[in-house]
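Participant: Have a look at this one.
The values are calculated or read from the model by the stated rules, or taken from the named source; none is laboratory data. Everything quoted here is computed from the prediction, not taken from an experiment. Neighbour counts run over all protein chains shown; Cβ positions are idealised from the backbone, glycine included.
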Amino acid sequence: MTDENKKENIKAELERASETFDAAALLFDNDFLNDAISKLYYFLLYNIRALLLAKGLEAKSHEGALRLFGLHFVKENLFKPSDSHIFSRLMKYREEADYNPSYMFNREDFIAFRKDAEELSDKIKAYLKEKEFI
């Protein structure tokens with residue numbers, strides 16, 4: 001994969017992340033909280049996928065994205081373990097939101113998760129900008 005291809009693919013992932021974040025906000029505004037939580041997770045997933053592409057990595061699964069992020073960014077001290085925990089926690093909550101009908105989130109949950117997700121997204125974009133991928 002050339003650097004130009006990386007940049008195009010990173011841009012596409014970040015655009016997808018932005019659209020997904022907007023969808024999460026619409027769902028939240030209309031009180032579809034479980035779906036909004038699920039979309040927040042995907043917002044972060046697309047950001048993580050963009051980050052992985054910067055190193056020529058492509059995850060084949062959700063767990064693979066978490067594993068590659070930990071191995072190539074957290075373990076190398078480019079990101080903090082707490083950043084990995086944010087993604088891992090949202091992954092768990094997305095599964096609850098999508099597959100456990102008795103698990104209900106509230107508005108405060110979403111607001112807290114959104115704050116964490118936005119902060120991690122900002123760190124990812126700062127890294128990508130520093131490395132001149134965006």
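Participant: For segment 1-44, give me each residue that is within 15 Å of the chain's Cα centre (by Cα) and of a type in the set (Lys, Arg).
Facilitator: LYS11, ARG16, LYS39 - these are the residues of segment 1-44 that are within 15 Å of the chain's Cα centre (by Cα) and of a type in the set (Lys, Arg).
Participant: While we're looking at this one, here's another question. Residues in segment 32-42: is at least one over 28 Å from LYS6 (Cα atoms) and without any contact (Cβ under 8 Å) to a residue 60 or more places away in the chain?
Facilitator: yes
Participant: Which condition number in (1) within 11 Å of the chain's Cα centre (by Cα); (2) without any contact (Cβ under 8 Å) to a residue 12 or more places away in the chain is the one that HIS62 fails?
Facilitator: Going through (1) within 11 Å of the chain's Cα centre (by Cα); (2) without any contact (Cβ under 8 Å) to a residue 12 or more places away in the chain one by one, HIS62 breaks only (2).
Participant: Which one of LEU57, LEU52, LEU26 is surrounded by 15 or more Cβ atoms within 10 Å (Cβ to Cβ) and assigned to a helix (DSSP H, G or I)?
Facilitator: That would be LEU52, the only listed residue that is surrounded by 15 or more Cβ atoms within 10 Å (Cβ to Cβ) and assigned to a helix (DSSP H, G or I).
Participant: May I ask you to list the residues in segment 29-49 that are of a type in the set (Val, Ile, Thr) and either surrounded by fewer than 18 Cβ atoms within 10 Å (Cβ to Cβ) or in contact with a Pro (Cβ under 6 Å, 6 or more places away or on another chain) (or both)?
Facilitator: Across segment 29-49, there are no qualifying residues.
Participant: Right, another one. Please work out if ALA36 is small (Gly, Ala, Ser), modelled with pLDDT of 95 or more and closer than 22 Å to ASN9 by Cβ.
Facilitator: For ALA36, the condition - small (Gly, Ala, Ser), modelled with pLDDT of 95 or more and closer than 22 Å to ASN9 by Cβ - is not met.
Participant: Further, regarding this structure: Give the number of residues within segment 87-106 that are in contact with a helix residue (DSSP H, G or I) (Cβ under 7 Å, 6 or more places away or on another chain) and assigned to a helix (DSSP H, G or I).
Facilitator: Residues in segment 87-106 being in contact with a helix residue (DSSP H, G or I) (Cβ under 7 Å, 6 or more places away or on another chain) and assigned to a helix (DSSP H, G or I): 8 in total.
Participant: Within segment 4-11, does at least one residue satisfy the condition of being assigned to a helix (DSSP H, G or I) and either hydrophobic (A, V, I, L, M, F, W, C) or in contact with a Pro (Cβ under 8 Å, 6 or more places away or on another chain) (or both)?
Facilitator: Yes, some residue in segment 4-11 is assigned to a helix (DSSP H, G or I) and either hydrophobic (A, V, I, L, M, F, W, C) or in contact with a Pro (Cβ under 8 Å, 6 or more places away or on another chain) (or both).
Participant: Could you pull out the residue among PHE69, PHE73, PHE79, PHE133 that is under 15 Å from the mean Cα position of the chain (by Cα), farther than 18 Å from ALA24 by Cβ and not in a helix (DSSP H, G or I)?
Facilitator: From the options PHE69, PHE73, PHE79, PHE133, the qualifying one is PHE79.
Participant: Something else: So which residues in segment 102-122 are touching a Phe, Trp or Tyr at 6+ places or on another chain (Cβ under 7 Å) and surrounded by fewer than 18 Cβ atoms within 10 Å (Cβ to Cβ)?
Facilitator: none
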